[in-house]
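Following: one structure in structure tokens, then a few remarks.
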Amino acid sequence: MPNVCIINSSEAYQRMFESMGWNVVRDFGSADLVQFTGGSDVSPSLYGEAKHPYTSTHPARDEHESDAFDICMDGHSNGRYLSWGTVP
């Protein structure tokens with residue numbers, strides 16, 4: 001059974017992956033897939049842009065997800081796949 005670590009998970013994400021035969025883990029060091037979930041907008045300051053008046057951000061979440069992404073991309077991912085998306 002493959003392992004998935006769901007960043008900012010919810011029960012809906014967990015049920016979806018479990019129904020497809022995935023084992024949900026908390027440590028992305030043991031995951032075959034790291035799933036980043038949908039949600040608020042990524043803060044434009046992370047890529048050097050100004051915030052639009054209708055942009056809704058969550059800075060603490062951005063920091064957490066950015067750290068997780070950097071760890072995965074810095075060669076610690078051991079061949080793991082990264083995925084982004086939302087549960088309908």
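Taken over the range 20-34, the residue count meeting the criterion of being within 14 Å of the chain's Cα centre (by Cα) and either part of a strand (DSSP E or B) or among the basic types (Lys, Arg) (or both) is 5.
Test Phe17 against the stated conditions and say whether it is at pLDDT 85 or above, part of a strand (DSSP E or B) and surrounded by 15 or more Cβ atoms within 10 Å (Cβ to Cβ).
no
Reported count of residues in the range 1-60, each being in contact (Cβ under 8 Å) with a residue 60 or more places away in the chain, closer than 21 Å to Ile71 by Cβ and not hydrophobic (A, V, I, L, M, F, W, C), is 1. Checked against (1) modelled with pLDDT under 85; (2) part of a helix (DSSP H, G or I); (3) in contact with a strand residue (DSSP E or B) (Cβ under 9 Å, 6 or more places away or on another chain); (4) not aromatic (Phe, Trp, Tyr), Ser83 passes all but condition (2). Within the range 31-80, take every residue that is surrounded by fewer than 16 Cβ atoms within 10 Å (Cβ to Cβ) and among the acidic types (Asp, Glu) and give me the one that is modelled with the highest pLDDT. Once the filter is applied, the top-ranked residue is Glu49.
The values are calculated or read from the model by the stated rules, or taken from the named source; none is laboratory data. Predicted, not measured: the structure shown is a model, and the values here were computed from it. Because the Cβ atoms are built from the backbone with ideal geometry, glycine has one as well, and the counts that use them run over all protein chains shown.
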